[in-house]
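Working notes for the structure below.
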């Protein structure tokens, strides 16, 4: 990535988050066990421009949801910085200034059944951020704003009187989106917003999100394990493996000219709906435990192109074709870039 | 068929109805579903949550949760009715003739017993083998489903396996007595994409080698497109369309199937917007008269709102839609534009 030149809206540098999952002190001492640290996020750099959708993909346990939670401040980072519109989120500032920053970023969660309080009416759920940030002048203004947010997600103001259980999964996710929009944010972190929904409902939510982004100039950090969804919605994509970013590229480049062997492997696993007869190559092996990740490049035990260097030296993210790739084989030119085409795309 | 047809279906489901009595009346969750599966065939059953696909599977293996019950129709396996068997009789069929694979491999294994013990118990329940023979068979099965180091892994407990490996163990369990039919209910949904591909490849390999038929219940059209020979698309408790997988995926005949296929983001041309079907599947208490899909259908006509369509032939498939009623009186022709 060219640094500095573009005005980066969100800038993440060297972000790390470790979790201590050791047994209690006494057990450790008696049994002579060492501490156990999960390196959930292990040094990540991301830059997100205003108005774009940056997606993080990867298998479960790769740390993508941890990144989402770090970015909105639900976890403090172990190391690294997060800058939001030029402000270091960890920098010292007054409560009021912090609230002013927080107002500008919101999160949408995966499970619309768990993320809405079942005892609150929809009106209060959507009104909560407005009240918390003191954005309404009076009661009438509050009602007005809540009604407007509900209309924005294709519900009606009258739905405010109902409880979450009266809505279907897709409608609940609309309520979550309305709540996230209530504080007029500029940046939304969406953690698997459609993976709990049926496909026809998923299409409704994705269309709504694209539509809202255009009208409100929103910036998205979109977390998903579904590559087809990511292909549809993203401007740029980052592929995560065991807490690290292995490849970042503009969406079309990533899907048509994948570079990192792990990216290629993930693309191979997308089911072939166009029935072109393309065979899904089953991949050998599974994601290793992040408690004791492999040395060097963490992907080397599953990588068909790994050599001695990959086993000992951690690859750095190097710029290539408008993105970055962390792979020795690519850097050394051992692994040629692969051209891919899909049904309907002229190669 | 009583007459000796040369290729009788392995499984015949005829006019199956599953209902749930509730305080507010009886809900019909599976309504007049008929299909059959040939030996060695993979039939995919897709639909959104609540379409009745899992209930259909559970009704076939005789594991409907009370108060759900079969209210009509019949299920025949190898020509023999199995839907009205007493509990103990059905237990012998289940496992021996029909295997089952469920979504979550952790809940289908007993956490207190080693996987070897669970396999051996299942094998000895259905086959007259000694302990040593059963253990040998268990080992062979584990090797067959691709568990590395099966000799040492056989004495491990379920929590010592990863999700993908656990699902392999569950598949081995289903194969214990070499059943003719496997009912697999969302076998890959709880797994990561790279593991999904492994499990699907394994299922395909096993049914080719053992000539086992599979009823694959899933909401994932991608899995179906790769695995199934034929597909049944379910909507609100009924089959909306059934046919060869290629026809259903590429040339859907029912407007619901068309919408469903369009709403899946594909890697082909990137569209500005995904096709979306507005609204949601009706709850069982609110199924509209006529065709259950009519409130969401862009091809709706007068007839669709009053008369319920049955499956009728449409190309190589069959679809429950009046659009395919050849020369029928009052077939809908008006296409309303709902793009507002």
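The values are calculated or read from the model by the stated rules, or taken from the named source; none is laboratory data. Worth saying up front: this structure is predicted, and the values here are computed from it rather than measured. A quick note on method: Cβ atoms are made from the backbone with ideal geometry, for glycine too, and the neighbour counts reach across all protein chains shown.
Per the conditions (1) at the interface with chain B (Cβ under 10 Å from one of its Cβ atoms); (2) without any contact (Cβ under 8 Å) to a residue 12 or more places away in the chain, the sole criterion not satisfied by residue A:166 is (1). One residue alone among A:110, A:173 is in contact with a strand residue (DSSP E or B) (Cβ under 8 Å, 6 or more places away or on another chain), within 30 Å of residue B:284 (Cα to Cα), part of a helix (DSSP H, G or I) and touching a residue at least 12 places away in the same chain (Cβ under 8 Å), and that residue is A:173. Regarding region B:45-62, can at least one residue be identified that is over 13 Å from the mean Cα position of the chain (by Cα) and without any contact (Cβ under 8 Å) to a residue 12 or more places away in the chain? For region B:45-62, residues over 13 Å from the mean Cα position of the chain (by Cα) and without any contact (Cβ under 8 Å) to a residue 12 or more places away in the chain: absent.
Tally the residues that are within 27 Å of the chain's Cα centre (by Cα) and assigned to a helix (DSSP H, G or I), restricting the search to region A:133-145. Number of matching residues: 0.
For residue B:134, the criteria (1) more than 19 Å from residue B:218 (Cβ to Cβ); (2) not in a helix (DSSP H, G or I) hold in every case but one, which is (2).
Residues of region B:148-178 that are buried (at least 22 other Cβ atoms within 10 Å of the Cβ) and in a loop (DSSP other than H, G, I, E, B): B:176 alone.
Residue pairs whose Cβ atoms lie under 7 Å apart, separated by 6 or more positions or on different chains, with the first residue in region B:150-175 and within 11 Å of chain A (Cβ to nearest Cβ) and the second crowded, with 17+ Cβ neighbours inside 10 Å and at pLDDT 90 or above, are B:161/B:169.
When residue A:70 is tested against (1) in a helix (DSSP H, G or I); (2) within 14 Å of chain B (Cβ to nearest Cβ), just one condition goes unmet, and that condition is (2).
So for region A:125-132 (the condition being in contact with a helix residue (DSSP H, G or I) (Cβ under 9 Å, 6 or more places away or on another chain) and in a loop (DSSP other than H, G, I, E, B)), does at least one residue qualify?
no
The set of residues from region A:191-217 being surrounded by 22 or more Cβ atoms within 10 Å (Cβ to Cβ) and in contact with a strand residue (DSSP E or B) (Cβ under 9 Å, 6 or more places away or on another chain) comprises A:191, A:193, A:194, A:209. Candidates are the residues of region B:308-326 that are under 21 Å from residue B:30 (Cβ atoms) and assigned to a loop (DSSP other than H, G, I, E, B); the one that is farthest from the other protein chains (Cβ to nearest Cβ) is B:310.
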